[in-house]
Amino acid sequence: MKRIAKLPSYFVLILLSALFLVPFLWTVSTALKANEDAFTFPPQWIPNHAQWDNFPKAWTALPFTQWVLNTLFITVVTTAATVITSSLVAYGFSRFKFRGRNAMFYTMLATMMLPGQVTMIPVFMIWRTLGAIDTFYPLILPAFFGGGAFNIFLMRQFFLTLPREYDEAAMLDGAGFFRIWWKILLPLSGPVIATVAVLSFISHWDEFNGPLIYLNSPEKYTVSIGLRMFQDSYGSETNQLMAASLIHILPTIVLFFFAQRYFMKGINLSGLGGR
Amino acid sequence: MIPITRPIKRKAIKPGVAGFLFTTPWLLGFLIFTAGPMLTSLYLSFTKYDLSTMKWIGTTNYQRLFTEDPLFWKSLQVTIAYAILTVPLGIAASLALALLLNQKVRGQRFFRTVFYLPSIVPAVASSLLWMWIFNSDYGILNWALGLFGWSGIEWLADEKYTLYAFAAMSLWGAGGGRMVIFLAGLQGISETYYEAARIDGASPWQQFRSVTIPLLSPVIFFNLILGVIGAFQVFTQAYIMTGGGPNNATLFYALNLFRNAFEYFKLGKASAMAWVLFVILLIITAIQFWGSKRWVHYEGEAK
């Protein structure tokens with residue numbers, strides 16, 4: 001009886017998930033077609049012959065290897081910096097009392113509401129003065145300063161759920177504050193580290209605005225800017241454009257599937273963040 | 001436990017000092033990349049600046065924006081229309097989806113993953129993908145609509161439809177992320193509230209109105225605030241898909257600002273635009289906080 005009552009829900013869920021998946025399927029389908037087959041109406045869902053060589057063609061038409069390496073470098077460094085510095089700052093906010101702590105914490109939360117456009121131009125001027133235009137520094141160094149308010153907040157929320165008795169026991173054993181952070185808190189924080197790492201990886205892998213402002217020479221491009229260049233130069237080769245887009249999408253999806261179990265636990269914390 | 005590797009020799013740092021030291025990376029970042037630039041940007045907004053010369057011109061930038069800049073008003077109008085269209089609809093749709101999934105359906109994890117996936121697709125890639133979906137001659141959207149007898153809508157070239165196209169894309173791209181947050185919120189509501197309501201004879205709708213909504217209201221509020229802020233910062237999609245066209249119908253505020261700053265190098269004017277944006281968001285957020293007293297319910301209220 002109860003099962004039958006849920007049938008409409010299943011119907012809606014299956015229909016909606018099909019709708020959510022169609023754009024992916026359509027992209028894959030187009031990426032595997034000969035270009036002239038992409039331009040048929042009504043559209044053909046299953047390609048006549050899967051044209052796997054669209055992928056190497058797109059990859060080699062422009063220097064994607066270089067772009068992927070650039071993006072990986074930026075993404076890996078910023079992600080590591082974000083995890084380490086955000087957890088240090090969160091440790092300070094969650095485990096210590098000091099003057100001005102709450103004022104600082106609320107200021108930090110308030111910065112989440114500040115539109116990036118307000119600081120974009122002066123920050124650009126700083127990097128220009130330092131001669132760092134067309135380098136990776138403007139994209140990497142800011143991650144070393146706590147890695148963003150949201151990540152610090154997530155880390156802090158998680159640390160607050162860990163019993164302080166662990167810290168105290170370690171302290172009795174002679175551990176210093178730094179060791180407590182490294183040896184006690186971090187090893188217990190798998191889910192939130194995974195969440196911050198995945199969110200940071202994805203956001204830097206995706207980032208468009210920063211590279212658009214700071215990178216000028218094509219050999220320094222990231223994948224997102226490179227894909228934009230591909231659109232400009234080979235926009236009519238829709239099959240290859242879709243193949244190139246998939247190359248951009250794939251790492252985020254693979255990463256998400258590997259980290260999903262931990263990741264969802266951590267994301268749930270951000271839901272509690274609203275409380 | 002932790003082995004003692006060495007005797008305590010250094011004089012221990014006071015906890016208060018240590019706590020402050022641990023937070024200094026954020027504090028430095030805040031001063032260098034947020035507070036300083038905010039003040040600089042405010043100053044710039046009263047100047048004419050093109051990266052080489054800077055001249056103080058008082059409130060001229062603001063006056064010009066308000067009185068003789070139709071593109072400023074157009075971009076503001078486009079952005080507000082988009083926010084009104086997408087934020088309430090997006091929140092309602094994500095909440096509905098979360099409620100569906102929260103009924104202990106089988107395959108909950110599978111559905112959750114499917115709905116979440118679009119939100120991790122890079123913005124440039126999803127823009128290219130949707131351009132192809134919206135293609136008026138060969139796209140699947142017009143093909144699907146054709147099955148119902150509609151034909152040939154120019155989604156990205158006819159200004160009557162562009163905002164709807166962007167809205168559809170945002171439902172796909174942002175719906176899942178919000179849904180996951182709502183789902184977490186729903187799963188945090190204790191079953192005992194529902195039991196009590198059922199004993200009092202509450203119908204499912206009454207349970208939704210009197211238990212779910214009040215207890216979920218902080219999460220809804222959180223999503224509302226961030227949703228509005230996000231809607232005012234749409235940039236990449238417009239830059240890639242339409243370049244602001246047709247006839248400026250997708251000239252989102254952030255795109256207009258970016259152009260003034262980094263294409264026309266009117267950095268003073270762009271800074272003034274950034275501050276206008278900031279003040280608008282502050283006012284909207286303040287109104288939301290003020291209004292929230294009527295409908296957002298915090299358990300315990302204590303911090």
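Annotations for the structure displayed:
- Calculated over chain A: convex hull of Cα atoms, volume per residue (Å³): 202 Å³
- In range of the label at B:Q77: residues from the stretch B:251-290 whose backbone nitrogen is under 18 Å from the point 7 Å along Cα→Cβ: B:251-257
- Shielding by partners for peptide A:8-17, expressed as the average number of C-beta atoms from other protein chains within 10 Å of each residue's C-beta, is 5.
- Order by protection proxy (mean Cβ within 10 Å, highest first), peptides B:59-70, B:241-252, A:248-259: B:241-252, A:248-259, B:59-70
- Förster radius 30 Å - calculated FRET efficiency between B:S151 and A:N35, Cβ distance, rounded to 0.05: 0.75
- Within the accessible area of the stretch A:167-258 (1.4 Å probe), percent carbon and sulfur: 65 percent
- Amide proton proximity set for A:L114, modelled H, under 5 Å, gap of 5+: none
- Table column - 3J(HN,Hα) (Hz), the stretch A:232-247, Karplus curve with 6.51, -1.76, 1.60, x for Gly and Pro: 5, 8, 10, x, 7, 7, 4, 4, 6, 4, 5, 4, 5, 4, 5, 4
- Surface analysis of chain B yields an accessible area of 49 Å² per residue, using protein heavy atoms and a 1.4 Å probe.
- Between A:Q44 and A:L25, the contour length at 0.36 nm per residue exceeds the alpha carbon distance by 5.7 nm.
- Chain B - percent of accessible surface contributed by carbon and sulfur, probe 1.4 Å: 64 percent
- In the stretch A:1-83, the trypsin sites (Lys or Arg not before Pro) that fall in loop regions by DSSP, at most 16 other Cβ within 10 Å: A:K6
- Size of the B/A contact, given as accessible area buried on both chains, probe 1.4 Å, in Å²: 9000 Å²
- Derived scalar couplings ³J(HN,Hα) [the stretch A:138-144; Karplus, 6.51 cos²θ - 1.76 cosθ + 1.60; whole Hz; x for Gly, Pro]: x, 8, 9, 4, x, 5, 7
- From its DSSP helices (H runs of at least four residues, each -39,500 (n - 2.57)), the protein assembly as shown gives a residue-normalised ellipticity at 222 nm of -21500 deg cm²/dmol.
- Packing-based order for B:13-19, B:151-157, B:291-297, using average beta carbon neighbours within 10 Å, highest first: B:151-157, B:13-19, B:291-297
- Per residue solvent-accessible surface (Å²) - the stretch A:28-105, probe of 1.4 Å: 47 Å²
- Karplus-derived HN-Hα couplings along the stretch A:184-201 (A = 6.51, B = -1.76, C = 1.60, θ = phi - 60°), whole Hz, x at Gly and Pro: 10, 5, 4, x, 8, 10, x, x, 6, 5, 4, 5, 4, 5, 5, 4, 5, 4
- Helices of chain B meeting both criteria, an alpha-carbon length of 30 angstrom or more along the long axis and an average Kyte-Doolittle score not below -0.5, with helices taken as full DSSP H segments, are B:70-101, B:162-187, B:267-295.
- Peptide packing: for A:195-201, B:76-82, the average count of neighbouring Cβ atoms within 10 Å per residue gives the ranking A:195-201, B:76-82, highest mean first.
The values are calculated or read from the model by the stated rules, or taken from the named source; none is laboratory data. For clarity, every value in this text was computed on a predicted model and none was experimentally measured. Using ideal geometry, Cβ is built from the backbone for each residue, glycine included, and neighbour counts are taken over all protein chains shown. To get the accessible areas, we keep the full protein, side chains included, count just its heavy atoms, and leave off ligands, DNA and RNA. Shrake-Rupley method; radii C 1.70, N 1.55, O 1.52, S 1.80 Å.
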